Amino acid sequence: MESEYDIVVVGSGTSGSTAAYMCREKGWRVAIIDSNPFGGTCALRGCDPKKVLIGFAEIIDSINNMEPNGVKAEGTVLEWKRMMQFKRSFTDMVPQNREKGFEKAGIDVFKGRAYFTGRNELTVGGKNLNARFFMIGAGAKPVPLKIPGAEYIKTSDYFLELDTLPERIVFVGGGYISFEFAHITRMAGAETIILHRSEHPLKKFDKDLVAGLLESMKEKGIDVRLNAPVVSVKKYNGYFIVEYTDRDSKKMVETDLVVHGAGRIPDISDMELDKANVECSDRGIKVNEFLQSVSNKRVYSAGDSADTPGMPLTPVASMEAWVASYNILNGNKIRPDYSGIPTVAFTLPPIASVGLNEAQALASGIEYELHSGDTSKWFTSRRVSLEHTGFKVLVDKKSEYVVGAHVFGYHADEIINIFALAIRNHIKASKLRNMVYSYPTASSDIGYMV
């Protein structure tokens, strides 16, 4: 059975949904495919449910921080089952609502794994779909861990559906997932360990600020072990033994759950892209500056499945999808703008970054002025009893533009957006310095950071 479309979209997350609706609004015949529940990673298995759970952890962390200053909340605990029920109130209806939205818009919905059978044809669930264009927004999946016992390591998807929190948890890898989830589990009372293979976790963030975060995590009781690559996982008497190396010697830790936090790769390995002559790399589908496949002009890609300079973030996927969809509809005319895109790890407190770090600025030949400092004695940190906070801001000496900003502390996730606005719109540091901010707020600290 064959069907003809103007465009077939693979993936129903941010990038796929954007493309499907944009093309349908122009009267195109559109089909959308997903092998997972409709809605994508962010809404169902990533950003949104994670942030809901972080909200609970923030409460316990605040109580702990303020206890020396008069807060007595003895017996305050997180009830994991009820937390998950609340989390599901945000996620359970997403697939149904998303599917209904597609159908109401006149977008044909297909469920299953899709694979190409030719340059302009793919198959899903035994049905052949022909199209003038294809948009691949298939997202990402955990990178396979090639170690004995890898089958015992659970994904972040599994973690976010736990009905009961184990007493002991080990996270493999020192990226966003591990660091964010570790704060949730520790505040919920679980013994929490992160095993990271190298010396520097959270590599997208400033090393000095990450050092402050690590100190903060240590004080919270989160055990982060660096230069500790995992070599095997064994199941034994109802629990697991995680073996790792530490300075050439082998060590072991017992745990009730092992969670994968060691990175993700594009979820396109079984799409048989070679049959459509679609070239790809380890980072995803190779695309040109217009997000079009370099080897098949019918195919475009965005988000985690595309090999672009963009970070694997939902706002990037959304922006890229809009650009790709515009080019599909109107011809290749616009390019994605990756300047001033912030990234945040929602730790407690959060750590955030936008623009260049010091090494990147030097490599780019930018003569910059560095503004940096420990903000633990500032009002914003002291009033909520945060002992490890700080910032770095890089300002181009010639233009006076902010070229990079890095913040660790209270509301860093919001402060970074103002720096992103400044970088993206070439706002001079003096403008930020002389801005009249509402006070006392975390944002009012920006004037002292530049």
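Which members of region 73-106 meet the condition of being charged (D, E, K, R) and touching a Pro at 6+ places or on another chain (Cβ under 7 Å)? Lys87 - this is the single residue of region 73-106 that is charged (D, E, K, R) and touching a Pro at 6+ places or on another chain (Cβ under 7 Å).
Scan region 327-356 for residues that are among the hydroxyl-bearing types (Ser, Thr, Tyr), touching a Pro at 6+ places or on another chain (Cβ under 9 Å) and either without any contact (Cβ under 8 Å) to a residue 24 or more places away in the chain or not in a loop (DSSP other than H, G, I, E, B) (or both) and jot them down. Talk me through it step by step, then tell me what you get.
From region 327-356, those among the hydroxyl-bearing types (Ser, Thr, Tyr) are 338-339, 343, 347, 353; that's our starting set.
Subsequent filtering for residues that are touching a Pro at 6+ places or on another chain (Cβ under 9 Å) retains 338, 353.
Scanning region 327-356 gives a single hit, Ser353.
Of the numbered criteria (1) out of contact with any Ser or Thr (no Cβ under 9 Å at 6 or more places or on another chain); (2) in contact (Cβ under 8 Å) with a residue 60 or more places away in the chain, the one Tyr176 fails is (1).
Residues that are hydroxyl-bearing (Ser, Thr, Tyr) and surrounded by fewer than 19 Cβ atoms within 10 Å (Cβ to Cβ) occur in region 68-77; there is at least one.
Being assigned to a helix (DSSP H, G or I), among the hydrophobic types (A, V, I, L, M, F, W, C) and under 22 Å from Ala317 (Cβ atoms) is the requirement here; does Ile54 meet it?
Working: assigned to a helix (DSSP H, G or I): yes; among the hydrophobic types (A, V, I, L, M, F, W, C): yes; under 22 Å from Ala317 (Cβ atoms): yes.
In short, yes.
Does region 382-392 contain at least one residue that is over 16 Å from Ser443 (Cα atoms), out of contact with any Gly (no Cβ under 8 Å at 6 or more places or on another chain) and either of a type outside the set (A, V, I, L, M) or without any contact (Cβ under 8 Å) to a residue 24 or more places away in the chain (or both)? Explain how you work it out, then say what you get.
First, the residues of region 382-392 that are over 16 Å from Ser443 (Cα atoms): 385-388.
Going one step further and asking which of them are out of contact with any Gly (no Cβ under 8 Å at 6 or more places or on another chain), we end up with 385, 387.
So of that shortlist, the ones also either of a type outside the set (A, V, I, L, M) or without any contact (Cβ under 8 Å) to a residue 24 or more places away in the chain (or both) come out as 385, 387.
Yes, the conditions are met somewhere in region 382-392.
Has region 52-63 got any residue that is more than 19 Å from Lys220 (Cβ to Cβ), surrounded by fewer than 20 Cβ atoms within 10 Å (Cβ to Cβ) and at pLDDT 95 or above? Yes - at least one qualifying residue is present in region 52-63. When Val316 is tested against (1) in a loop (DSSP other than H, G, I, E, B); (2) touching a Gly at 6+ places or on another chain (Cβ under 9 Å); (3) surrounded by 17 or more Cβ atoms within 10 Å (Cβ to Cβ), just one condition goes unmet, and that condition is (1). Is it the case that Ser12 is among the polar types (S, T, N, Q), in a helix (DSSP H, G or I) and touching a residue at least 12 places away in the same chain (Cβ under 8 Å)? So Ser12 fails the test. When region 330-355 is filtered for residues that are surrounded by fewer than 17 Cβ atoms within 10 Å (Cβ to Cβ) and in contact with a helix residue (DSSP H, G or I) (Cβ under 9 Å, 6 or more places away or on another chain), the ones remaining, listed by number, are Lys333, Ile334, Arg335, Asp337, Tyr338, Ser339. Suppose we keep only residues that are polar (S, T, N, Q) and over 30 Å from Ile32 (Cβ atoms) within region 139-183. Which one would you say is surrounded by the fewest Cβ atoms within 10 Å (Cβ to Cβ)? Within region 139-183, the match that is surrounded by the fewest Cβ atoms within 10 Å (Cβ to Cβ) is Thr164.
Between a first residue in region 412-438 that is at positive phi and assigned to a loop (DSSP other than H, G, I, E, B) and a second residue that is modelled with pLDDT of 95 or more and surrounded by 15 or more Cβ atoms within 10 Å (Cβ to Cβ), which pairs have beta carbons less than 7 Å apart while being 6 or more apart in sequence or on different chains? If the second residue must be modelled with pLDDT of 95 or more and surrounded by 15 or more Cβ atoms within 10 Å (Cβ to Cβ), the pairs left are His426/Tyr401.
When Asn64, Asn120 are checked against the criterion of being over 18 Å from Gly11 (Cα atoms), among the polar types (S, T, N, Q) and outside the structural domain of Ile177 (by TED's automatic domain parsing), a single residue qualifies: Asn64. Quick check: anything in region 385-393 charged (D, E, K, R), within 24 Å of Val316 (Cβ to Cβ) and crowded, with 16+ Cβ neighbours inside 10 Å? Yes, because at least one residue in region 385-393 is charged (D, E, K, R), within 24 Å of Val316 (Cβ to Cβ) and crowded, with 16+ Cβ neighbours inside 10 Å.
Considering only residues in region 385-411 that are out of contact with any Ser or Thr (no Cβ under 7 Å at 6 or more places or on another chain) and either among the acidic types (Asp, Glu) or not in a strand (DSSP E or B) (or both), the one that is nearest to Lys220 (Cα to Cα) turns out to be Ser385. Within region 357-384, if we keep just the residues that are closer than 16 Å to Lys397 by Cβ and of a type in the set (D, E, K, R), the residue that is nearest to the chain's Cα centre (by Cα) turns out to be Glu358.
Would region 84-94 turn up any residue that is free of Cβ contacts under 8 Å to residues at least 40 places away in the same chain and more than 28 Å from Ala317 (Cα to Cα)? Quick ask: steps written out before the conclusion?
Within region 84-94, the first condition is being free of Cβ contacts under 8 Å to residues at least 40 places away in the same chain, and the residues that meet it are 85-86, 88-89, 92-93.
With more than 28 Å from Ala317 (Cα to Cα) added as a condition, the list becomes 85.
Yes, region 84-94 contains at least one residue that is free of Cβ contacts under 8 Å to residues at least 40 places away in the same chain and more than 28 Å from Ala317 (Cα to Cα).
Would you pick out the residues in region 290-326 that are in contact (Cβ under 8 Å) with a residue 24 or more places away in the chain, of a type in the set (A, V, I, L, M) and closer than 25 Å to Val354 by Cβ? Quick ask: steps written out before the conclusion?
Narrowing region 290-326 to residues in contact (Cβ under 8 Å) with a residue 24 or more places away in the chain: 290-292, 296, 298-318, 320-326.
With the extra rule that they be of a type in the set (A, V, I, L, M), the set shrinks to 291, 299, 302, 306, 311, 313, 316-317, 321, 323-324.
Listed by number, the residues that qualify are Leu291, Ala302, Ala306, Met311, Leu313, Val316, Ala317, Ala321, Val323, Ala324.
Does region 244-261 include one or more residues that are over 30 Å from Asn64 (Cβ atoms) and in contact with a helix residue (DSSP H, G or I) (Cβ under 6 Å, 6 or more places away or on another chain)? Taking every residue of region 244-261 in turn, none turns out to be over 30 Å from Asn64 (Cβ atoms) and in contact with a helix residue (DSSP H, G or I) (Cβ under 6 Å, 6 or more places away or on another chain).
The values are calculated or read from the model by the stated rules, or taken from the named source; none is laboratory data. Not measured: the values here are computed from a predicted model. Note that each Cβ is placed from the backbone with ideal geometry, even for glycine, and that neighbours are counted across all protein chains shown.
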